[in-house]
1. Here is a list: Leu15, Leu36, Leu51, Leu44. Which entry is free of Cβ contacts under 8 Å to residues at least 60 places away in the same chain and touching a helix residue (DSSP H, G or I) at 6+ places or on another chain (Cβ under 8 Å)?
2. For the subset of the stretch 19-60 comprising residues that are surrounded by fewer than 10 Cβ atoms within 10 Å (Cβ to Cβ) and outside any helix (DSSP H, G or I), which member is modelled with the lowest pLDDT?
3. Is one or more of the residues making up the stretch 6-13 in a helix (DSSP H, G or I) and of a type in the set (A, V, I, L, M)?
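The values are calculated or read from the model by the stated rules, or taken from the named source; none is laboratory data. Fair warning: this is a prediction, and the values are worked out from it, not measured in the lab. Every residue, glycine as well, gets a Cβ built from its backbone with ideal geometry; the counts of neighbours run over all protein chains shown.
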Amino acid sequence: MIVLELQFDSIAEFLQMGGRYTFHIWAVYALFTVFLTYNLWMPLRQRRRFLQQQAASARREEQRTAQRRAQQAATQQATAGNAGNVETGASAPPAPDPEQKSQ
């Protein structure tokens, strides 16, 4: 069985870390904490940004598709209206002949 022994007799002695190198040791612990936090946080932030960009892109594409469908439907209706007149042979009524009225 492994028994761990503390190297320091009190918390104050632990915080002092031997006196002379205290600042350097705690500065390294602080930097380690900053870097660790940054390395955990940045991928989450980038993932969130990526998902937001993908959602915005999908919304834009859906809007474009809806606009294209609306334009195609309007074009088909206009074409169908003109095609109906051509297929049935219907045309605009003939204009009256001005010479016939005077006689």
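1. Answer to the check: Leu15.
2. Per the stated criteria, the residue is Gly19.
3. yes
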